[in-house]
1. In the list B:218, B:189, which residue meets the criterion of being open to solvent by less than 30 Å² (accessible area, probe 1.4 Å), on the phi < 0 side of the Ramachandran plot and at pLDDT below 95?
2. Report whether or not residue A:24 is assigned by TED's automatic domain parsing to the domain that holds residue A:89, exposed (fewer than 12 other Cβ atoms within 10 Å of the Cβ) and at pLDDT 80 or above.
3. Taking the conditions exactly as written (touching a residue at least 60 places away in the same chain (Cβ under 8 Å), within 18 Å of residue A:253 (Cα to Cα) and within 14 Å of another protein chain (Cβ to nearest Cβ)), does residue B:348 satisfy them or not?
4. Identify all residues within region A:341-370 that are part of a loop (DSSP other than H, G, I, E, B) and at the interface with another protein chain (Cβ under 10 Å from one of its Cβ atoms); write none if there are none.
5. Outside the structural domain of residue B:542 (by TED's automatic domain parsing), open to solvent by 50 Å² or more (accessible area, probe 1.4 Å) and farther than 24 Å from residue B:547 by Cα: which single residue out of B:655, B:659, B:638 fits that description?
6. Which of the residues belonging to region B:326-351 are out of contact with any helix residue (DSSP H, G or I) (no Cβ under 7 Å at 6 or more places or on another chain) and not in a strand (DSSP E or B)?
7. Within the group B:507, B:469, B:478, B:488, which residue is more than 7 Å from chain A (Cβ to nearest Cβ) and under 36 Å from the mean Cα position of the chain (by Cα)?
8. Looking at this structure, is residue A:81 within 18 Å of residue A:20 (Cβ to Cβ) and out of contact with any Pro (no Cβ under 7 Å at 6 or more places or on another chain)?
Amino acid sequence: MPVLPARATPGRLMIDDHAIGQLRADFAAALAAVRTDRDLQALRDRYLGRRGGTVTALYSQIAAAPPDERRRIGQLANELKTWVEDALAERQKAIADLRTAADAIDVTLPGRPRAIGHRHPLTVVRERIESIFAHWGYEILDGPETEDDYHNFEALNMPPEHPARDMQDTLYLAEPLTRRLWSAGASPEASGPATLLRTHTSAMQIRYMESHRPPVRIIAPGRVYRRDSIDVTHTPMFTQIEGLVVGDGVTMADLKGTLTAFLRELFAADARVLFRPSFFPYTEPSAEVLIGCVTCGGAGCQVCKRTGWLEILGCGMVHPAVFEAVGYDAERHTGFAFGVGIERVAMLKYGVDDIRLFYENDMRFLEQFPA
Amino acid sequence: MRVPVSWLAEFTEVAATPAEIGDALTRCGFELASIETVPDQGDGPGDTVLDFEITANRPDCLSIRGMAREVALAFRQPFEPRARRRLTPSPNPISLPVTIEAPALCPRYTAALADVRVGPSPPWLAARLHAAGIRAINNVVDVTNYVLVELGHPIHAFDLHQLEGPELRIRQALAGESITTLDGQLRTLTEGMLVIADRSRPQAVAGVMGGLASEVTLSTRTIAIESAYFAPAAVRRTSKRLELSTEASYRFERGADIEAPLVALARVCELLEEIGAGQVTPGFVDVYPTVRGENRVPLRASRVAQLLGQDVPAPEIERILRALGFALVTEPEASTVAWRVAVPSWRGDVTREIDLIEEIARHHGLDRLPVTFPPLTVSPARLDVRLERDAVVRRVAASTGFTECVTFTFIERSAAEPFADASELVAIANPLSETFAVLRPSLIPGLVESVAHNRRRERKDVRLFETGSRFTRTSGESRAIALAWLGSATGLHWSGTDRPADFYDMSGIVEQLGRALGVGVRLEPASSPAMRDGHAALIHASHARGSALVGLVGQLREDLAAAHGVPPAEHLFVAEIDLDAMAALVDLGEHVEVVPLPRHPSVVRDLSLVVPAGLPAATLRATMLANAPETLVNLVEFARYQGKGVPEGHVSLSFRLTFRSPDRTLTDTEVHRAAEAIVAALAAEHGARLR
């Protein structure tokens, strides 16, 4: 560690121009020898380091100097420090220039584009819902979009001429369609001919219960069809997820708990959830589930028609007639079912005000969703 | 159902505000649609009208009386309909013979006669109807409508002198019969439709609409008042077939009250005289061949708790059901609390215990039920491998730059035809329009439309895919993925590497999907009405377990693309893969058996061949594989050249062959010999020679 050449008078510290000149010369020589960033840092530490740096040490002498000397020493120290810093900075730039290779590339130009596609918002929502229920041990099922009257209506407690059929205006096939259906196995099996496009995924309740004994815990996502003209809230095709839980002692309280937890997972941990009596032929008691408006938080706005609530799904306890249709013991087994419209969820979650956007496939819309 | 509050007040004490009533009823299953203030026609104070949605199971609430019963219970007020006049039987039957010829469709028919002075209704009555959303016509018709709204029971009045006989026959329409209904429409009737006829012709479509011929007009002097019960299915069928839905048909098809006809008839008579519209002839007709007994349903308190997850105290159950008109008798024999419940005639929707439990849940309050979770009692099933497969396919498509679409399952017939024989198309019987006439036999038409949608919006580079079901008569319903690629292959870049996408970009994606699903992909030239000639291939997938034809890849025929608005100079590439056809081959890691890593070096040989230009690379490849030793572990085309140095009609194709043995280091000599054998075979079979 170089020591300041100070003329030592007992009790008095002297820093003269000669000493400073010597110090500058020593520093300049050392600086000229520096070739790398590392050496430069070492030199910086030696002169400007917080502890034991040569220039830094000057400042510690100020306090020890006689009062009439302090101002002069301080000025000298400042000048010196600025000079050292400037020299170091200049040298650092020179080192950087030295390092630049002749074949250097412009790393700031854009990289080669690697295209990434985006998932459709209906898929994003569907996969989110599927993962919630998969975590709770639900089996996820895939079912046919063409159905017969029995599975779509009759077994769901909607015999011919039932007025509830009006709630779901049906698209029929011109001729029955024979198709093979995938059940749990690895190969499809022949099934009775389809005569219509399913109006709801509830048909999957029947198909599953026909081939499985309780307990049941399933969700079945898929496209459904109604003879609705296209407008901002209607399309003749849309997407639903059906849920069904059957077992010993499954109650309406369990239905409330499950759907409350589901909606809080899907929307917000503090979402308000309301159950209101409703009517579906295949559940009883039936309910409509509402959540506190996601737009206004319940204060009332256009989205919730100033009610503060949004209808989000229909549900209820499985009607005993449905159990009877599939050969379950309606006395012993109880269960609940629910159906969620995926478009509805996506519209509320993402603030989409026109359902047609989901089917136009405009990339300016689709690219707003995650890859 | 529009409910004027003043009308409600005739049945129960209304202390709550309209908003409170709306809220309370919404909580018991009658969703409030709106609250509206209607000014009185004259100087009166006006009225508040609550409009409720009534679910299909509650025709009894399509009436002021029904709604008042619910309001009374919700606010714990007595439900007390005003005392009404009852019809007294007359010793002389009225002079109107009534015959029910179809008792299954019309189980009950009642009627009375009145001499009337047709004119305008008094203002209070017109105002009530107006508030309820019904136009006033004349005092007689208005009275029938008033009773319809108040009691929910449809009434019809005939001009007696227009009825031939006069007599009424309730019968099925005869083939060829027709009727001009009150709306002026001439309607052709078919067998199975129920009509009210006089001696010779239909005078009303039963439960739907009256006929114009016997309409009550200003010149009507005597009326026959009909108050009947028609079978719901019969009315619904007729209403559907005539495409005619009325206030009456809406109620009858949901189920009217079989005990209501006489009550409603009495109320009509009372009102006619009260407003001075006429004088009722003493006596009435009531044809009711098979009297319906009271319906009794058992109810257990334990079952209520089992369904709702909460004990509802017996007094609470009794309070709710009694207020709704049910009569409860405790079952003394039962070991737990149980009742026999007599169902009132207006509640045709209540036929079993669960229906009663719903009534209890509605008025006990769903918000009072606890919040619990169903126990998981068995191990959850594993994920359906087909769903897993679809998810993999979607991820691969997205990661290669394709954005996911959802298009309609039904498309125009002309858009479908290039993709399937007309005989294969699955048509919709009642499509919304010709745009939605058939179920798609392929996902490609929908994708092309989406590509074009984006292209028309100045988007030049479009990569889209969709997964979904397709429909043909032979294959039924099958799951597929389709992809479409328009524009740039790599995207605009300063290095100038960008170029338009071509067939091999698309076939490369198909091969990549195959790798992701663990199957090999082989292409073979194909021709298809949808594809540009010479630019399409069939996709074969193969795996140790077998192989299958799974799809088509190529350039869409230019005129098909152009028809959607894709500029003719731009090439649109598409591919479609049948995921179900591949199902048996797909391996998502279930059957992997690891082979040891190679311990010996490989030897590489490049062969540049000159071959006839029309010879498919796959043919050369097959010959090479057939004539190669087992040590040939990889074979890849790496250069293709046509031009100077290669004879006309020929092409130079270069292959890189990699040889390796699992148990020793190959010698130069044996690799050389293997390569020579391959070249000899190529020369013999295809006239190929080394360049």
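1. Numbers: B:218 fails: open to solvent by less than 30 Å² (accessible area, probe 1.4 Å).
Sole residue among the options that is open to solvent by less than 30 Å² (accessible area, probe 1.4 Å), on the phi < 0 side of the Ramachandran plot and at pLDDT below 95: B:189.
2. Working: assigned by TED's automatic domain parsing to the domain that holds residue A:89: yes; exposed (fewer than 12 other Cβ atoms within 10 Å of the Cβ): no; at pLDDT 80 or above: yes.
Spelling it out, it is not the case that residue A:24 is assigned by TED's automatic domain parsing to the domain that holds residue A:89, exposed (fewer than 12 other Cβ atoms within 10 Å of the Cβ) and at pLDDT 80 or above.
3. On the way: touching a residue at least 60 places away in the same chain (Cβ under 8 Å): yes; within 18 Å of residue A:253 (Cα to Cα): no; within 14 Å of another protein chain (Cβ to nearest Cβ): yes.
Criteria not met by residue B:348.
4. So the first thing to find is which residues in region A:341-370 are part of a loop (DSSP other than H, G, I, E, B), and the list is A:351-356, A:361-362, A:367-370.
A:361, A:362, A:367, A:369, A:370 - these are the residues of region A:341-370 that are part of a loop (DSSP other than H, G, I, E, B) and at the interface with another protein chain (Cβ under 10 Å from one of its Cβ atoms).
5. Values: B:655 fails: open to solvent by 50 Å² or more (accessible area, probe 1.4 Å); B:659 fails: open to solvent by 50 Å² or more (accessible area, probe 1.4 Å).
Step by step, each of B:655, B:659, B:638 is checked, and only B:638 is outside the structural domain of residue B:542 (by TED's automatic domain parsing), open to solvent by 50 Å² or more (accessible area, probe 1.4 Å) and farther than 24 Å from residue B:547 by Cα.
6. Scanning region B:326-351 gives B:326, B:331, B:332, B:333, B:334, B:335, B:344, B:345, B:348, B:351.
7. Working: B:507 fails: under 36 Å from the mean Cα position of the chain (by Cα); B:469 fails: more than 7 Å from chain A (Cβ to nearest Cβ); B:488 fails: under 36 Å from the mean Cα position of the chain (by Cα).
The match here is B:478.
8. Numbers: within 18 Å of residue A:20 (Cβ to Cβ): yes; out of contact with any Pro (no Cβ under 7 Å at 6 or more places or on another chain): yes.
The answer is yes for residue A:81.
The values are calculated or read from the model by the stated rules, or taken from the named source; none is laboratory data. Computed from a predicted model, the values in this text were never measured in an experiment. Positions of Cβ are backbone-derived with ideal geometry, glycine not excepted, and every protein chain shown enters the neighbour counts. Remember, those area values only see protein heavy atoms, side chains included, never the ligands or the DNA or RNA. Shrake-Rupley method; radii C 1.70, N 1.55, O 1.52, S 1.80 Å.
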